[in-house]
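The structure under discussion appears below in the form of structure tokens.
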Amino acid sequence: MRLCRTCALLALLFLAVLDSSESQREVVRPDKGLNVIVSTEQPKCSVCIVSKVNSTQSSCNSSLSLVPEAETTLEFSCSQPVEQSYTVTIARSIECTENACSPPTLQTQPSILTNFARIFTWDLNAAQDTVVRLSIIEGGLTDTSQPCSDGYQFSVSTSIASSKAQTQYCRGGSVKSLYLINPAVVSLQVKPKAQVVSELFQTSVTQLKTEVISVDSSTTMVLSRDPKESVCEVCTAEGPTLTCSTEKTLNNVEKLSLVFSCPKPQDGFNVKINKKIECTKTSCKPSAAEIVPDQLNAFKRSLTWDISVPESTVLTLDFPGGLKDISAGGTCPDGYQYSVNTTKSNGEIQSNNYCKGGTVSDLNLLGVMTVTIEVPKGEKLESAAFNVKATERASRMMTVVSKINKARIIISKVNKELDCKVCTGVAPNQKCNPEILKLIAPCNVSVAFTCPRPQDVFNVEINRDIDAPFSGDPVQAESSVFPELNRTFNWDLKTDYPHTFQLDFPEQGLRQISSEEKCPDEHTYTFIIYLRGQANIGTFCRGGSVNTIQGCYKGRVSLQVPANAKMDPFEFKLSGGPETNMIAIVGVNLPRGVSDTTLVTANFPRDFPDNMQMQWNFTVPGMHNYTVRFDHVTPPECLNNGEVKVEYQAEAKTGANTVTKTLKDPQPEHQQGNFNMVLTNCETNTTLPGLTLNYSVSVVRSGRPVLCTVDLTKDPGMSLQIENLNSDSYCEISINSEVKEKINVTAGSIAKLSFLDCPNEDVRLTAKKVIDCKNTESCPVTTLSVPTMEPCLPMPLNSFTWHLNIPETKTWDLVSPKGSLRQSLPSQECKEPFSLHLAEEEGSNFVGNFCFDGVIQKIQVHANISITAPGQQLSRMTGSFLNISVSEEITETIIYAVSPDPMSPTLLATPNWPQGMKSYRTLSWIVMLPDQYKAQLNFNVTQPECKEGHTGIDVRTIGNEQLKLSFKEQDPQVVEKLVGESFYLNMSNCEPETGQFSALTTINLQRKQNFLPIVLGISGALLLLLLVLAVVCIVTKKKKNQKRNRGSSIYMPKGNIFRPSDMHFTKTRSENESHVYESIDEAMVYGHLLSNSSHGEAFPDHYNGIQTDSYRTFTGPTDEALPVIKEPDPQPEDKTFMDPSETFIPSRPRTPINRQDSLGFQDRRMIDNELYTFKTTGEINTIRLSGTELEPIPDDSL
């Protein structure tokens, strides 16, 4: 019964299930451009459109397409759950041109049919050779082959052939963009009720750039984007989409297409190609660095070859065309750069950089190496960049020659990693040792190394034993022993205890350094003392204050020189020293000035030996203070109540003064004089740190300086120079607290000077002033005078220099306000202490030294010049001593205006005499002669051999510029020349090949001679003599006649006087006319004169008869009138008789003699004859016959 009831219930339940079905209505309005399809695959499910009129179903189907922008009511009827039975496909088309896509974003319409599973699809259509980039607006995607757990499944499909039909993505990843090639479909599938954003992707279009690449198995290619480029990516086609990234690594691919998302990927991508070359000891594979020549030529490429090589193998790299070595950091102009990196056995990498086109064609290298070639964009590389060869490593042969007795040469291996041996002899009897080789000097042997660079493997020690007694001769290292290896020279010294050996370093001294420090010249000295153990005195470099080291018993001096370093050791002297119980005695000669000398104890930074002493002897320069300062000290723990002591032994007038201090006590400060410092250690606890001491001795000058502030702002262009002339003196000069040997106080500045212990003879003060003239207006006539120095300067002014600068179109005019200038020349040196040094600024061409009171009126210089006033008398000069002005350009370099002195010779010298005159220089002297003088020129000329041009000397008169003299270097030399008027003396130089041009001209003035007064004087004297003779003759003849005609006579007091015997005259002279003549025959009177007269042709008849004392009537021609001679009015007669008081002692007449009455003058009107008749009438015109200067007529005589 119960069974029947149960069956009935199950039947009713089954019927109820068969009759049950679900229905659901949705109102849908698709957006514009959307293609919405609602479909179901269930057999008993349908989707129906509900009519808006009566709300009844109009049509039902398993798949229904909706009209965009039309509102539709859908009714879903299905026996299964509605959300799981239907699928909604929402499709949109995206059209892309070469520039953009429409619409620009991929939209979804999130509100449509959200209760169902939806598939959003976008069909992309793009132009040919373009790629569409979909940039994800929010988040990122990740590639997957599994369903997405969050219900959001993206997929992309393209027409590119691939094994994959579709690429799927899930949300949440690093993919920010998808690159699609036309045509492509992008879809998003979401679960029911999943929320979708309205915009998923942003579209953009770019042109495709494709490169086909082939890479073999031994090559790795890496394409990487420049960090500055943020747009372009490189893609490879894998499946329906492009796999894009900023970097791609390729290996063993054949004709792979690379797609770039930008039209010019060469601007944003770099290509690195790495290849491998395997080498044996005899060959390499491949033997050439081959590349694909036409692959990625538009990109910047970096090609690297990693070359592996076994040991004992040398690689030879051959570069076609050659290379040029450049320094590190250098660049090549064409962009091609080669880098060769060699890895040494110790891991150190040696790099060498090269450019194309040089003399380096082969590189022989040892070890693993890397060759890199940088190729610029757009350049093509040859198919074989270089060739490589491998050969077994060759050996190296060296010859050792040593002449030092008892010297041991030890060659030891220091680099155990490299396979290299040292051998002696020749095959087949060659003996090799992989570790060490010992030689005994003197020797002459050949040593072979089985590696090309033994300096990387072996070091050399040269040991020499020197025992007492010591000769005191200098000791020096042998520089010819293994110059290519690291060398250590050791001198082992030994003497009897407790005697010492002494090392002297007289030349440069030594400077103590720490063990880690290196010397600048790579020559490092070490001193070790063996006394109850080993004590390292210290490590030293050349150039310091340590000049002696004394050691007790035994010691070693070591000199370390690196490989290939230039050997330049200095000598040290070895001699015996006194007895001592010190470990060492170090002599220190502290330098002058401010200095700090650092010294350390033995074994520093390790412990100083227990119960031992060490001494330093310090020589302190005079007038200096020293201070001892402990920079680093480690006090030990002393046993048995011991204590570390520091003793200072100072030299005093009363004897040695010793002061004992501890390490904690204040050390000496600001002390003077030489002193010794002795350090004594105690017995220490060896379980604790021992005694170490690093201290310094500083030296400063003592005394009180002279301070002086110099203000040059008040005198524009003026500067001062102060120089210490004696480096051995204690003089110290400083400017603004900086000590210098030479101080320069610049123009327009204010300086604080300090002088410490500077006597005047050790310091020189000079000054200079610059005068710049831009034009004539800016430079009026200027007077040069020495300005007053600061009174605080402790030394006198040594010299003052004016630098005068002008444009090329101007000339300097120099005139002395004191009158004239004189050049200092032989026999005419400047005796006064003040003189001027004149030179051209260009090349410091010296012109000459000049002083005052001479013959030079003016100097013109067409150049920038300097004028220096030297001497200690500058302070005594008051006022100006030279006027300078600017004039227009002259053709010569220098022009002198000269007025010679008649009383002494005048010397004219070329610039820089007696040295040569500068090339192509010209100069001129304008020589003005006094009236009635002429010049005798004497030349002393040194002529060169001219390379170009000619020298020239010429003399021209000033008035008419008549050429009086001219000669060149090839012409016969003229020694002297007479010039009768003022003249120009011009000289010019050539460009000498040998010799030099210099000239010294001497001018002597001579008075001109006038012969007319002399002739007239002689003629007058002869005429006077003839007159006297004539008078004598007449008087004598008359007396004779009177004696013959003597008669008696009667004295008649009245009446006429007559003689009875005289019948010639019967009348008195007043009664007859015997003295009256109608005419006078001048030929009869002056016939004796006309017989030799030059004017005889004026008289047709000459008188040749006997001279008589009577006149005859003129019987000559009367058709011509006789000349009439007009005499001047007679002068008043002087007194005929003197006063009686003046008869015996005549006084000097007060009235001066006129020129016409003086014998020193002659009237120009007179005819040159015995009668001295006048040829013209007029005023008296006298000429001077005497050379004596006339004295003025006193006023009281007028």
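The values are calculated or read from the model by the stated rules, or taken from the named source; none is laboratory data. Every value quoted in this text rests on a predicted model; they were computed, and no experiment measured them. Positions of Cβ are backbone-derived with ideal geometry, glycine not excepted, and every protein chain shown enters the neighbour counts. Each accessible area value is taken on the protein alone, full model and side chains, heavy atoms only, with ligands, DNA and RNA left out. Shrake-Rupley method; radii C 1.70, N 1.55, O 1.52, S 1.80 Å.
V422 versus (1) in contact with a Pro (Cβ under 7 Å, 6 or more places away or on another chain); (2) surrounded by 12 or more Cβ atoms within 10 Å (Cβ to Cβ): which is the lone unmet condition?
(1)
Give me the pairs: first residue in the stretch 117-139 and under 24 Å from V196 (Cα atoms) and among the charged types (D, E, K, R), second residue open to solvent by less than 30 Å² (accessible area, probe 1.4 Å) and not in a strand (DSSP E or B), beta-carbon distance under 9 Å, and six or more apart or on different chains, which are they?
R118/T108; R118/I112; R118/A194; R118/V196; R133/S261
Restricting to the stretch 783-793, count the residues that are touching a strand residue (DSSP E or B) at 6+ places or on another chain (Cβ under 7 Å) and open to solvent by 50 Å² or more (accessible area, probe 1.4 Å).
2
With the requirement that a residue be polar (S, T, N, Q), outside any strand (DSSP E or B) and touching an Asp or Glu at 6+ places or on another chain (Cβ under 9 Å), what does the stretch 670-686 give you? Give the steps one after another, and end with the answer.
Of the residues in the stretch 670-686, the ones polar (S, T, N, Q) are 671-672, 674, 676, 680-681, 684-686.
If we keep only those that are outside any strand (DSSP E or B) too, we end up with 672, 674, 681, 685-686.
Of everything in the stretch 670-686, those that are polar (S, T, N, Q), outside any strand (DSSP E or B) and touching an Asp or Glu at 6+ places or on another chain (Cβ under 9 Å) turn out to be N674, N681, N685, T686.
Test K389 against the stated conditions and say whether it is surrounded by fewer than 17 Cβ atoms within 10 Å (Cβ to Cβ), touching a residue at least 60 places away in the same chain (Cβ under 8 Å), within 23 Å of G321 (Cα to Cα) and in contact with a helix residue (DSSP H, G or I) (Cβ under 6 Å, 6 or more places away or on another chain). Write out each step before concluding.
Numbers: surrounded by fewer than 17 Cβ atoms within 10 Å (Cβ to Cβ): yes; touching a residue at least 60 places away in the same chain (Cβ under 8 Å): yes; within 23 Å of G321 (Cα to Cα): yes; in contact with a helix residue (DSSP H, G or I) (Cβ under 6 Å, 6 or more places away or on another chain): no.
Taking the combined requirement at face value, the residue does not satisfy it.
For the stretch 60-103: of the residues being over 20 Å from P30 (Cβ atoms) and touching a helix residue (DSSP H, G or I) at 6+ places or on another chain (Cβ under 9 Å), which is most open to solvent (accessible area, probe 1.4 Å)?
S79
Working carefully through the options E993, E976, find the one that is open to solvent by 90 Å² or more (accessible area, probe 1.4 Å) and modelled with pLDDT of 90 or more. Let's see the steps before the verdict.
Values: E976 fails: modelled with pLDDT of 90 or more.
Of E993, E976, the one residue that is open to solvent by 90 Å² or more (accessible area, probe 1.4 Å) and modelled with pLDDT of 90 or more is E993.
Please identify the pairs in which a residue from the stretch 756-770 that is without any contact (Cβ under 8 Å) to a residue 40 or more places away in the chain and more than 8 Å from M795 (Cα to Cα) has its Cβ atom under 7 Å from the Cβ atom of a residue that is surrounded by fewer than 17 Cβ atoms within 10 Å (Cβ to Cβ) and of a type outside the set (G, A, S), counting only partners at least 6 apart or on another chain.
Once the first residue is without any contact (Cβ under 8 Å) to a residue 40 or more places away in the chain and more than 8 Å from M795 (Cα to Cα) and sits in the stretch 756-770, its partners that are surrounded by fewer than 17 Cβ atoms within 10 Å (Cβ to Cβ) and of a type outside the set (G, A, S) give D762/L725; D762/N726.
Pairs only if they're at least six apart or on different chains, beta carbon under 6 angstrom, first in the stretch 230-256 and surrounded by fewer than 17 Cβ atoms within 10 Å (Cβ to Cβ) and part of a loop (DSSP other than H, G, I, E, B), second among the hydroxyl-bearing types (S, T, Y) and modelled with pLDDT of 75 or more; list them, first residue then second.
Every condition considered, the pairs that remain are N251/T220; N252/S217.
Quick one: which of Q168, Q202 is at pLDDT 80 or above, of a type outside the set (S, T, Y), surrounded by 17 or more Cβ atoms within 10 Å (Cβ to Cβ) and out of contact with any Pro (no Cβ under 6 Å at 6 or more places or on another chain)? Lay out the reasoning, then the answer.
Values: Q202 fails: surrounded by 17 or more Cβ atoms within 10 Å (Cβ to Cβ).
The unique qualifying residue is Q168.
Can you tell me which residues in the stretch 764-785 are part of a loop (DSSP other than H, G, I, E, B) and out of contact with any Ser or Thr (no Cβ under 8 Å at 6 or more places or on another chain)? Quick ask: steps written out before the conclusion?
Our first condition is that a residue be part of a loop (DSSP other than H, G, I, E, B); within the stretch 764-785, this holds for 773-781, 785.
C773, K774, N775, E777, S778 - these are the residues of the stretch 764-785 that are part of a loop (DSSP other than H, G, I, E, B) and out of contact with any Ser or Thr (no Cβ under 8 Å at 6 or more places or on another chain).
Tell me whether the stretch 850-857 contains one or more residues that are outside any loop (DSSP other than H, G, I, E, B), open to solvent by less than 20 Å² (accessible area, probe 1.4 Å) and without any contact (Cβ under 8 Å) to a residue 40 or more places away in the chain.
yes
Could you run through the stretch 108-132 and say how many residues are open to solvent by less than 10 Å² (accessible area, probe 1.4 Å) and in contact with a Cys (Cβ under 6 Å, 6 or more places away or on another chain)?
1
Test L323 against the criterion of being aliphatic (A, V, I, L, M), under 17 Å from V340 (Cβ atoms) and in contact with a Gly (Cβ under 6 Å, 6 or more places away or on another chain), and give yes or no. Reasoning before the result, please.
Details: aliphatic (A, V, I, L, M): yes; under 17 Å from V340 (Cβ atoms): yes; in contact with a Gly (Cβ under 6 Å, 6 or more places away or on another chain): yes.
Considered against the rule, which asks whether it is aliphatic (A, V, I, L, M), under 17 Å from V340 (Cβ atoms) and in contact with a Gly (Cβ under 6 Å, 6 or more places away or on another chain), L323 comes out as yes.
Within the stretch 314-345, which residues are in contact with a Cys (Cβ under 6 Å, 6 or more places away or on another chain) and not β-branched (V, I, T)? Give the steps one after another, and end with the answer.
At the first step, the residues of the stretch 314-345 found to be in contact with a Cys (Cβ under 6 Å, 6 or more places away or on another chain) are 324, 326, 332.
Passing the criteria: K324, C332.
Kindly state which strands (runs of 3 or more DSSP E) lie completely within the stretch 705-763 and contain at least 3 residues that are crowded, with 17+ Cβ neighbours inside 10 Å. Full working, then the answer.
On the way: elements: 706-711, 718-724, 732-735, 738-740, 742-745, 750-756.
So the answer is 718-724, 732-735, 750-756.
Take the residues of the stretch 522-571 that are of a type in the set (K, R) and touching a residue at least 40 places away in the same chain (Cβ under 8 Å): which is farthest from S479 (Cα to Cα)? Give the steps one after another, and end with the answer.
Looking only at the stretch 522-571, we keep the residues that are of a type in the set (K, R), and these are 532, 542, 554, 556, 566.
Still in the running and touching a residue at least 40 places away in the same chain (Cβ under 8 Å): 532, 554, 556.
Working: R532: 34, K554: 25, R556: 19 Å.
Filtering the stretch 522-571 for residues that are of a type in the set (K, R) and touching a residue at least 40 places away in the same chain (Cβ under 8 Å), the one farthest from S479 (Cα to Cα) comes out as R532.
Across the stretch 920-942, what is the number of residues that are of a type in the set (S, T, N, Q), under 17 Å from G952 (Cβ atoms) and out of contact with any Phe, Trp or Tyr (no Cβ under 9 Å at 6 or more places or on another chain)? I'd like the intermediate steps shown before the answer.
Let us first name the residues in the stretch 920-942 that are of a type in the set (S, T, N, Q), namely 922, 924, 932, 936, 938, 940, 942.
Subsequent filtering for residues that are under 17 Å from G952 (Cβ atoms) retains 922, 924, 940, 942.
Of the ones still in play, those that are also out of contact with any Phe, Trp or Tyr (no Cβ under 9 Å at 6 or more places or on another chain) are 922, 940.
Total satisfying the criteria: 2.
Can T809 be described as in contact with an Asp or Glu (Cβ under 6 Å, 6 or more places away or on another chain), touching a residue at least 12 places away in the same chain (Cβ under 8 Å), under 25 Å from I895 (Cβ atoms) and exposed (fewer than 14 other Cβ atoms within 10 Å of the Cβ)?
Details: in contact with an Asp or Glu (Cβ under 6 Å, 6 or more places away or on another chain): yes; touching a residue at least 12 places away in the same chain (Cβ under 8 Å): yes; under 25 Å from I895 (Cβ atoms): yes; exposed (fewer than 14 other Cβ atoms within 10 Å of the Cβ): yes.
For T809, the condition - in contact with an Asp or Glu (Cβ under 6 Å, 6 or more places away or on another chain), touching a residue at least 12 places away in the same chain (Cβ under 8 Å), under 25 Å from I895 (Cβ atoms) and exposed (fewer than 14 other Cβ atoms within 10 Å of the Cβ) - is met.
Which of the residues spanning the stretch 893-918 are crowded, with 18+ Cβ neighbours inside 10 Å and farther than 17 Å from L838 by Cα?
Those that are crowded, with 18+ Cβ neighbours inside 10 Å and farther than 17 Å from L838 by Cα: V898, P900, T906, L907.
Those residues that are polar (S, T, N, Q) and farther than 15 Å from P807 by Cα, I need them from the stretch 881-902; list them, please.
Looking only at the stretch 881-902, we keep the residues that are polar (S, T, N, Q), and these are 883, 885, 887, 891, 893, 899.
Within the stretch 881-902, N883, S899 qualify.
Which of the residues spanning the stretch 254-312 are hydroxyl-bearing (S, T, Y) and within 17 Å of K380 (Cβ to Cβ)? Full working, then the answer.
Initially, the stretch 254-312 is screened for residues hydroxyl-bearing (S, T, Y), giving 257, 261, 280, 282-283, 287, 302, 304, 308, 312.
Matches in the stretch 254-312: S302 only.
Whether any residue in the stretch 343-353 is part of a strand (DSSP E or B), touching a strand residue (DSSP E or B) at 6+ places or on another chain (Cβ under 7 Å), more than 22 Å from E290 (Cβ to Cβ) and among the small types (G, A, S) is what I want to check. Give the derivation first.
Filtering the stretch 343-353 down to residues part of a strand (DSSP E or B) leaves 343, 349-353.
Keeping just the survivors that are touching a strand residue (DSSP E or B) at 6+ places or on another chain (Cβ under 7 Å) gives 343, 349-353.
From what's left, more than 22 Å from E290 (Cβ to Cβ): 343, 349-353.
So of that shortlist, the ones also among the small types (G, A, S) come out as 351.
Yes: one or more hits.
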